[in-house]
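Enquirer: Handing you a structure now.
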Amino acid sequence: MTTSPFDSYRPPEEGRRRRRRSGVRGAVSGAVSDAAQGVADRAGRGTSWLNRDGGGRREAPAVPDAEFSSYYGRGVIKPVPWDYKIPAYLFVGGVAAGSGLIATGAAATGRELLRRNSRLTAMAGVAVSGAFLVADLGRPERFLNMMRTVKLTSPMSVGTWILSGFAAFSGVTTATEVARLVPHPEHGPLGVIARLLDAVDAPAAVGQAFFAPPLAAYTAVLLSDTVAPVWFESRRELPFVFVGSAALASSGVQMVLTPTSQTGPVRRFALLGVATELVAMHRLEEHLEELELDEPVRTGEAGAKLRLAKVLTIAGGLGTLLAGRSRAVAVASGLALAGASALTRFGMVEAGIESAKDPRFTVGPQKRRLEERRAAGTVHDSTVTVR
Amino acid sequence: MGYLARQLGGRTDPAPDAGWEEPPSRKGFFTDTSICIGCKACEVACKEWNALPLDGLELSGNSYDNTGGLGASTWRHVAFVEQSQDRIEAARESGRRLVDLGMPSVGAPSAAPGGSLPDRAGSPQEGAGGGQNLPKNGMPAGYGTLPAPPEDHGPSLGDLLTEKDAVENGAHGTTVDGTPMVGPLPEFRWLMASDVCKHCTHAGCLDVCPTGALFRSEHGTVVVQADICNGCGYCVGACPFGVIERRTDSAASVRADGHVPNVGVAQKCTLCYDRLQHDQRPACAQTCPTTSIRFGEREEMVAAARERVVQLHEQGFTEARLYGANEDDGVGGTGSVFLLLDEPEVYGLPPDPVCATSKLAEMFRMAGWAGTGLLAAAAAAFLGGRR
Ligand code: SF4
Ligand code: SF4
Ligand code: SF4
């Protein structure tokens, strides 16, 4: 797997030394494609990192001559070691956050059923998302170590505290709902607790609404504050995608759970979410395209998920417009919206991980921005220096 | 710069920033890849000293590199690249371009050993045509040497005269200082480079760690406390160099009791924190037989690196360049400085690494807007309906 002329002295290797030699560039990129070719040829040897990801893709005609050489096609950076639990957390956490807002809105406007359903959804969501988070740790039994420090430079630390705050208020609001649901005596200790809960209900609802937007938005920072090219470069658009996604997902869930008579505001919330998400996602894609980083969000499994998410978002949005009269339409649109949100989260997480695996997406944009800075006469901030 | 601003980007001394009072001087490596012989003694010494488990035993087919790359159980990694003449030429061209761009010099202005340097902007000036132009220090520059004097079966007089003529007429090109080269480019070369954690001034891994498991030592290095880390894996995605990794249970023990320590926990080079505490050199630097890995105060390392790159340029190795020595780069300079003989990506290093947290303020600002928008949307959805 070299471009050395000495290779001609070696015994032939079943015709895979297909050298492209068009000057220096050709040789350099030839090395890349050779490496990629080698990777492809070696498939089935069980060496995971060798035949992982787009070894073959680097050979695809859609990719013009690579402008750089890589180290045997290996990734330059490492993807986060997160599996499905993290996008699942993003989805469920988004539902929880949106439900928290809906719950407070419902409480303020006296929509009882909506309030109860969304509060219970928020609590269930925050519990499930916490469980996903803990389960994805390499050492789940040490999850409490997150609470030993508050670190503003770490979105995960900040997020843990946001999630904890939200969970605390959700716990109180859920307790009041349970107290209202379960028959209990007016007097005695249970009665005292119920009256206490009634008293803290309003402050807890405000607290829940206060923690909900950060809970919905911080997850975008969580992803962007990494070096995975797609996430890092999406840092301006991703928060809007994610709050939009949280709004439409939580609204979708309430459209499924709550009769249409009480979900008028929820449908408006859903439509605002749909509009925000579609616009933000469009701008995100445009921005990635400018950086030639759009491949991970357009192709492969991630691309397919994001495309389906868009279809479901639009369908769910249209359905929401009509859902005022029919519960069946409301349920169907709600499910479509929730599904769209889940797919968006999975798609974005997978696209980021894909972009971290392939050196093209790390080296390409970095070289381009380096060249741009050099062309503009900025050389003082280069990692590579001479003398 | 203020204390807070210093935390995320720009020039700074990391140990005092992390709260160390009167810390010892910052330590670092200077890895001179031009004298590395690829013996992998550093890899072995690191494995041995730190009792790292086995992380696979496979032949990769990538030259002599069967290690692959840095990882949870590989804290030093020797890269091997085989290059043919055209790639050497490309490397040399890119090196000359860096010089022509007027890349910043690091530290004090250069006082080259051979006397004052001629203007380096115009490449093949003086020396090109002038027959008598001998190098400043009386040494011939460049690859190869003049053929040995004809004893027994030495080269023919004709060859000698042709070669002499070629050298005197600058047929082999000139160094960046305009000294004619004495020999043609070799047809082939090895690049060997021992890679390691960069111990960044602004370390993404450390910034994002939510548990505080990663910390800045008094020597300015970045170390994981394995008993604190809960394996969230965030640091893995935040390292611009793909260094740190979470250890999986596929690692095989090298101990008699079959135990693999720290599974599920992030691991990387500690810059031999334990040895530094006892005024010992890191195991890898201690063992390196060629002094390719030098250890010491970072400032001294950068000075040594600068001297070396000047020396190599004088000898005609125009492709020599430094990596990580510039404190104005995206990570505020690295503790481990490298001398490379080609573009960084050839060795699997990112050409323009940026610590993601340097953009954290922007990310939180966007998330703040998005969150505010979400709150406003919820309010509009509920209040809008009441009217
Ligand atoms: S960010 Fe990467 S290279 Fe820098 S100190 Fe952390 S692990 Fe090392
Ligand atoms: S994996 Fe460990 S060291 Fe890395 S960020 Fe998480 S807690 Fe910190
Ligand atoms: S400094 Fe120590 S831990 Fe780091 S690579 Fe060298 S031997 Fe390994």
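Enquirer: Being within 16 Å of ligand 3 (Cβ to nearest atom) and over 13 Å from residue B:206 (Cα atoms) is the filter here; which residues of region B:218-233 pass it?
Expert: B:218, B:219, B:226
Enquirer: Something else about it: Could you look through region A:143-183, keep only residues that are within 16 Å of ligand 1 (Cβ to nearest atom) and surrounded by 19 or more Cβ atoms within 10 Å (Cβ to Cβ), and pick out the one that is farthest from the chain's Cα centre (by Cα)? Walk me through how you get there before you give the answer.
Expert: Restricting attention to region A:143-183, the residues satisfying the condition of being within 16 Å of ligand 1 (Cβ to nearest atom) are A:151, A:153-156.
Retained after the next criterion (residues that are surrounded by 19 or more Cβ atoms within 10 Å (Cβ to Cβ)): A:151, A:154-156.
Details: A:151: 22, A:154: 17, A:155: 14, A:156: 14 Å.
If we take residues in region A:143-183 being within 16 Å of ligand 1 (Cβ to nearest atom) and surrounded by 19 or more Cβ atoms within 10 Å (Cβ to Cβ), then A:151 is farthest from the chain's Cα centre (by Cα).
Enquirer: Confirm whether residue B:211 is among the hydroxyl-bearing types (Ser, Thr, Tyr), at the interface with chain A (Cβ under 10 Å from one of its Cβ atoms), away from ligand 3 (no atom under 16 Å from the Cβ) and open to solvent by 10 Å² or more (accessible area, probe 1.4 Å).
Expert: Values: among the hydroxyl-bearing types (Ser, Thr, Tyr): yes; at the interface with chain A (Cβ under 10 Å from one of its Cβ atoms): yes; away from ligand 3 (no atom under 16 Å from the Cβ): yes; open to solvent by 10 Å² or more (accessible area, probe 1.4 Å): no.
Spelling it out, it is not the case that residue B:211 is among the hydroxyl-bearing types (Ser, Thr, Tyr), at the interface with chain A (Cβ under 10 Å from one of its Cβ atoms), away from ligand 3 (no atom under 16 Å from the Cβ) and open to solvent by 10 Å² or more (accessible area, probe 1.4 Å).
Enquirer: Being free of Cβ contacts under 8 Å to residues at least 60 places away in the same chain, touching a Lys or Arg at 6+ places or on another chain (Cβ under 9 Å) and open to solvent by 20 Å² or more (accessible area, probe 1.4 Å) narrows it down to one residue among B:8, B:57, B:4, B:101; which is it? Spell out how you get there, then give the answer.
Expert: Values: B:8 fails: free of Cβ contacts under 8 Å to residues at least 60 places away in the same chain; B:57 fails: touching a Lys or Arg at 6+ places or on another chain (Cβ under 9 Å); B:4 fails: touching a Lys or Arg at 6+ places or on another chain (Cβ under 9 Å).
Testing whether each residue is free of Cβ contacts under 8 Å to residues at least 60 places away in the same chain, touching a Lys or Arg at 6+ places or on another chain (Cβ under 9 Å) and open to solvent by 20 Å² or more (accessible area, probe 1.4 Å) leaves just B:101.
Enquirer: Among the numbered criteria (1) in contact with a Lys or Arg (Cβ under 7 Å, 6 or more places away or on another chain); (2) within 16 Å of ligand 1 (Cβ to nearest atom); (3) not in a strand (DSSP E or B), which single criterion is violated by residue B:194?
Expert: (3)
Enquirer: Right, here's the next one. Need pairs with beta-carbon distance below 8 Å; first residue outside the structural domain of residue B:244 (by TED's automatic domain parsing) and within region B:211-229, second surrounded by fewer than 23 Cβ atoms within 10 Å (Cβ to Cβ); sequence gap 6+ or separate chains.
Expert: Going by the 8 Å Cβ cut-off, there are no qualifying pairs.
Enquirer: Which one of B:303, B:283, B:356 is of a type in the set (Gly, Ala, Ser) and surrounded by fewer than 20 Cβ atoms within 10 Å (Cβ to Cβ)?
Expert: Going through B:303, B:283, B:356 in turn, the sole match is B:303.
Enquirer: Give me the residue from region A:80-134 that is within 30 Å of residue B:74 (Cα to Cα) and open to solvent by less than 30 Å² (accessible area, probe 1.4 Å) and, out of that set, nearest to the chain's Cα centre (by Cα).
Expert: A:87
Enquirer: Further question on the same structure: For residue A:313, indicate whether it is hydroxyl-bearing (Ser, Thr, Tyr), free of Cβ contacts under 8 Å to residues at least 12 places away in the same chain and either within 14 Å of another protein chain (Cβ to nearest Cβ) or surrounded by 16 or more Cβ atoms within 10 Å (Cβ to Cβ) (or both).
Expert: Considered against the rule, which asks whether it is hydroxyl-bearing (Ser, Thr, Tyr), free of Cβ contacts under 8 Å to residues at least 12 places away in the same chain and either within 14 Å of another protein chain (Cβ to nearest Cβ) or surrounded by 16 or more Cβ atoms within 10 Å (Cβ to Cβ) (or both), residue A:313 comes out as no.
Enquirer: Right, another one. Would you mention how many residues in region B:47-104 are within 16 Å of ligand 3 (Cβ to nearest atom) and not basic (Lys, Arg)?
Expert: Number satisfying all stated conditions: 20.
The values are calculated or read from the model by the stated rules, or taken from the named source; none is laboratory data. Predicted model only: the values in this text are computed from it and were never measured. Every residue, glycine among them, receives a Cβ derived from its backbone with ideal geometry; neighbour counts consider all protein chains shown. The area values use the complete protein model at the heavy-atom level, side chains included, leaving out ligands, DNA and RNA. Shrake-Rupley method; radii C 1.70, N 1.55, O 1.52, S 1.80 Å.
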